[in-house]
Amino acid sequence: MKMRDRNSAYPVLRLSGYWGLLLGSVSVGLRWMASGNPEGVERLFSRGVFLFVRTLFDGLTSFLPFPSVYLLLVGAAWWMYRNIRKKKQPTGASGWRLLGHWALQTGNLAGWVIAWFFWAWGYNYYRIPVEQAMGLNVIPLDKQKIAADFDQETAMLSTLRSSAFFRDTLALAREDFPGDLERQLRQSLKEVLTRYGYPGYGRVRGRLLYPAGIFLRFSTAGLYLPFTGEGHIDPGLHPVQWPYVMAHELAHGYGFGDEGTCNFWAYLACIQSGDLAIEYAGRLGYWRYLASVYRKSDPQSFQRARDKLPPGIKNDLKAISEAMNRYPDLIPVLQYRVYDAYLKSQGISEGMLNYDRVLVLTHAWREKERLGPSE
């Protein structure tokens, strides 16, 4: 029912038109409740509602030969065009009333987006931390532990790159990796998740999102989009980066919000894939995180180790750097600050530093599994 001002045809109140505002507000309220009840989130959402949502996405979009975000963008553009054309400027409305009207309209749209985000995926940020679920003893890594882990991974990486599987010391190319890379990564990730008690349910897609540089120009390599249920990587990345980045985005699609956790699952999926090229790429992705931290803690020791790397690894690192440099940041620092604020708003207190959490998770996993560098 519409209530109208006696002197205007302008609608003052129409509750039925603001469901988005209501649902968005409820979703945000539940987010605050969820942050204090990880067990409830794990049971009711991550292993309940989310699996149903995953089924819907798989049925609606996984069969498409292209990223469904293209359809989403076309649909959004059509919706905006349609609504702008049919909107008429209300007559007889005061400036403040008109401003209030458009504020409500904007809030209503934002509410739908917020509700969609949380119910399609966002509550996974508040599930039980993976280290707690897996019984990992996560501790801060001191300088000695970082150096030891770096030496271990460097040794394994060097052994792999020097094996007969890799024909020469030239930088790896797309043809060095499986043609069905996405399928192999998804299968390996599902097996890893199942092994550690998580539901490996669904067929999450890992898409190349064109044009090349669409993410790299904003200082990122990939993106999981909760509104479509698909992971995306930038095709401008060097092919040796694809496996680790794609596995990371697939991990988001299986219900994990924490960036360090997704890096951890990506590492395990790559090294346990049964494919040497994928294993090497996964180890190299993890090694680069280790290298970044080790370089800061002990620059001289890092440089000595860096100089001793086999030519093949050096060429791969050079090729990665060249690929990244083709797409310089459009707005330097912006992505870091925006995403850092976003992560903190989702309860991840360390913000962008959360990516490096893969180091403590992997160290704790090795300790528990009693794994050496070559296992």
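Mind checking which residues of the stretch 62-74 are surrounded by 11 or more Cβ atoms within 10 Å (Cβ to Cβ) and either free of Cβ contacts under 8 Å to residues at least 24 places away in the same chain or touching a Leu at 6+ places or on another chain (Cβ under 9 Å) (or both)? Walk me through it before giving the result.
Step one: filter the stretch 62-74 for residues surrounded by 11 or more Cβ atoms within 10 Å (Cβ to Cβ), giving 62, 64, 66-73.
The answer is LEU64, PRO67, SER68, VAL69, TYR70, LEU71, LEU72, LEU73.
Can you name the condition, by its number, that ILE128 falls short on among (1) under 30 Å from LEU51 (Cβ atoms); (2) at pLDDT below 95; (3) not in a helix (DSSP H, G or I)?
With respect to (1) under 30 Å from LEU51 (Cβ atoms); (2) at pLDDT below 95; (3) not in a helix (DSSP H, G or I), ILE128 is out only on (2).
Determine which member of the set ASP151, ASP142 is among the acidic types (Asp, Glu), out of contact with any His (no Cβ under 7 Å at 6 or more places or on another chain) and at pLDDT below 95.
ASP142
Given the residues ALA103, ALA93, which is the only one that is touching a helix residue (DSSP H, G or I) at 6+ places or on another chain (Cβ under 8 Å), over 30 Å from LYS190 (Cα atoms), among the hydrophobic types (A, V, I, L, M, F, W, C) and at pLDDT below 80?
Working: ALA103 fails: touching a helix residue (DSSP H, G or I) at 6+ places or on another chain (Cβ under 8 Å).
One residue alone meets the criteria, ALA93.
Take the conditions more than 19 Å from the chain's Cα centre (by Cα), closer than 30 Å to ALA103 by Cβ and at pLDDT 95 or above and apply them to VAL41. Does it pass?
Spelling it out, it is not the case that VAL41 is more than 19 Å from the chain's Cα centre (by Cα), closer than 30 Å to ALA103 by Cβ and at pLDDT 95 or above.
Can you find even one residue in the stretch 223-236 that is touching a helix residue (DSSP H, G or I) at 6+ places or on another chain (Cβ under 8 Å), over 19 Å from TYR70 (Cβ atoms) and buried (at least 21 other Cβ atoms within 10 Å of the Cβ)?
no
For residues that are part of a helix (DSSP H, G or I) and touching a Gly at 6+ places or on another chain (Cβ under 8 Å), tally how many sit in the stretch 193-211.
Keep residues of the stretch 193-211 that are part of a helix (DSSP H, G or I), which gives 193-195.
Add one more test, that the residue is touching a Gly at 6+ places or on another chain (Cβ under 8 Å), and what stays is 193-194.
Result for the stretch 193-211: 2.
Any chance the stretch 156-169 includes a residue that's touching a residue at least 12 places away in the same chain (Cβ under 8 Å), under 27 Å from TYR254 (Cα atoms) and either in a loop (DSSP other than H, G, I, E, B) or among the hydrophobic types (A, V, I, L, M, F, W, C) (or both)?
No; the residues of the stretch 156-169 include none that is touching a residue at least 12 places away in the same chain (Cβ under 8 Å), under 27 Å from TYR254 (Cα atoms) and either in a loop (DSSP other than H, G, I, E, B) or among the hydrophobic types (A, V, I, L, M, F, W, C) (or both).
Filter the stretch 193-217 down to the residues that are farther than 16 Å from HIS252 by Cα and crowded, with 19+ Cβ neighbours inside 10 Å and list them by number.
The answer is LEU209, PHE215, LEU216.
Taking the stretch 316-367 as the search range and keeping residues that are farther than 20 Å from ASN137 by Cβ and acidic (Asp, Glu), which one is modelled with the lowest pLDDT?
ASP340
Is it true that some residue in the stretch 260-277 is over 17 Å from the mean Cα position of the chain (by Cα), more than 16 Å from VAL358 (Cβ to Cβ), among the hydrophobic types (A, V, I, L, M, F, W, C) and surrounded by fewer than 19 Cβ atoms within 10 Å (Cβ to Cβ)?
Checking the stretch 260-277: at least one residue is over 17 Å from the mean Cα position of the chain (by Cα), more than 16 Å from VAL358 (Cβ to Cβ), among the hydrophobic types (A, V, I, L, M, F, W, C) and surrounded by fewer than 19 Cβ atoms within 10 Å (Cβ to Cβ).
Determine which member of the set THR220, THR228 is in the same structural domain as HIS363 (by TED's automatic domain parsing), in a loop (DSSP other than H, G, I, E, B), closer than 30 Å to PHE45 by Cα and out of contact with any Ser or Thr (no Cβ under 9 Å at 6 or more places or on another chain).
The unique qualifying residue is THR220.
Residue check: is ASP307 farther than 29 Å from ARG31 by Cβ, modelled with pLDDT under 95 and not aromatic (Phe, Trp, Tyr)?
No, not satisfied.
Would you mind stating whether PHE177 is farther than 30 Å from PHE45 by Cα, touching a Leu at 6+ places or on another chain (Cβ under 6 Å) and buried (at least 17 other Cβ atoms within 10 Å of the Cβ)?
no
Within the stretch 225-236, is even one residue without any contact (Cβ under 8 Å) to a residue 12 or more places away in the chain and acidic (Asp, Glu)? Walk me through it before giving the result.
Step one: filter the stretch 225-236 for residues without any contact (Cβ under 8 Å) to a residue 12 or more places away in the chain, giving none.
Looking for residues that are without any contact (Cβ under 8 Å) to a residue 12 or more places away in the chain and acidic (Asp, Glu), one finds none in the stretch 225-236, hence no.
The values are calculated or read from the model by the stated rules, or taken from the named source; none is laboratory data. Quantities reported herein were computed from a predicted structural model and do not represent experimental measurements. Virtual Cβ from ideal backbone geometry, glycine too; neighbours counted across all protein chains shown.
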